[in-house]
Amino acid sequence: MADELADGVAALQDATRVLTGVALRSLEVLEGTVSLPQFRVLSVLAELGRARSARVAAALGLEPSTVTRLIDRLEAAGHVTRVMDPSNRSAVILELSPSGHHLVSDVAAWRQQELRRILLRLPTENRTMVPGVLQRLVEAAGEGYGTVPHSPVPL
C-alpha cells in the first residue's frame with residue numbers, strides 16, 4: 001500500500017510539472033502583453049463575467065488592493081473595463097474588453113492544442129483512461145480545489 005501511494009504521488013508530481021509547464025508555456029502566446037498575475041485576473045473575469053473587484057479578489061485569494069493595482073494596469077492596456085454599478089453608484093463592475101476576451105481565448109486555444117498533442121502521443125488504450133481517472137482525481141480533491149482558497153484536502 002505504501003509503495004502504491006508513493007508511486008501515485010510521484011506520478012502526480014510529474015503530471016503537475018507537465019501541466020504547469022503547459023500552463024506557463026501557453027502564456028508565451030501573449031508575447032509579454034500581460035504578466036501571469038494579470039492573466040489570472042483576466043481568466044477569473046472570463047469565468048465570472050461581470051463582477052465587482054472584491055469578488056475577483058476573493059476568487060483569486062488576493063487582497064482587494066492588489067487586484068485594484070492589477071486592474072489599473074489591465075484597464076490602461078485596454079483589456080478590462082470598469083463600469084458603474086447601476087444599483088450602487090459607489091460600486092464598480094469589472095468586465096473583460098474585447099481585447100481581454102481575445103487574450104484569454106488565445107491562451108485557451110493554445111492549451112487545448114498542446115494538451116491534444118500530448119494526449120495523441122499516448123497509446124489509444126491509455127488515452128481512453130485519462131478522462132475517467134482525472135475526473136475521479138478532481139472529485140477526490142473536492143469542489144473548488146485549486147480555484148478557491150481553502151485548506152488542503154483532509155487525510
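All of the numbers you see were taken from the coordinates with simple rules; none came from a lab. Keep in mind that this is a model prediction, so the values were computed, not measured. Using ideal geometry, Cβ is built from the backbone for each residue, glycine included, and neighbour counts are taken over all protein chains shown.
Which listed residue (Leu74, Leu119, Leu48) has the Cα farthest towards the positive end of the charge dipole for the chain, taking +1 on Lys and Arg C-beta and -1 on Asp and Glu C-beta about the Cα centre?
It is Leu74, whose Cα lies furthest towards the positive end.
For the chain, what is the relative contact order in percent, using Cα pairs closer than 8 Å and at least 6 residues apart in sequence?
24 percent
I'd like the orientation of helix 98-120 relative to the chain: the angle between its Cα long axis and the longest Cα principal axis, in ° from 0 to 90, rounded to 10.
Result, in degrees: 0.
Can you put Val9, Val107 in order, fewest other beta carbons within 10 Å first?
Val9, Val107
Could you tell me which of rounded, prolate or oblate describes region 35-85, using a ≥ b ≥ c as the square roots of the eigenvalues of the alpha-carbon gyration tensor, with rounded for a/c under 1.5 and, failing that, prolate when a/b is larger than b/c and oblate otherwise?
In terms of gyration-tensor shape, rounded.
Would you mind checking the tilt of helix 2-26 against the longest principal axis of the Cα atoms of the chain, expressed as 0 to 90 degrees and rounded to 10?
Here the helix axis deviates by roughly 40 degrees.
Placing unit charges on C-beta atoms (Lys and Arg positive, Asp and Glu negative, everything else neutral), compute the dipole magnitude of the chain about its Cα centre in debye, rounded to 20.
440 debye
I need Thr124, Thr66, Thr81 ordered by Cβ neighbour count within 10 Å, fewest first.
Fewest to most other Cβ atoms nearby, the residues stand as Thr124, Thr66, Thr81.
Can you tell me the equivalent ellipsoid semi-axes for the chain? Use √(5λ) from the Cα gyration tensor, largest first, whole Å.
In descending order the semi-axes read 34, 20, 13 Å.
What is the helix-to-structure angle for 130-141, meaning the angle in degrees between its Cα long axis and the longest Cα principal axis of the chain, kept from 0 to 90 and rounded to the nearest 10?
Result, in degrees: 70.
Do the sum for the chain: with -39,500 (n - 2.57) for every DSSP H run of n ≥ 4, divided by all residues, what is the mean residue ellipticity at 222 nm, to the nearest 500 deg cm²/dmol?
It comes out at -20500 deg cm²/dmol, rounded to the nearest 500.
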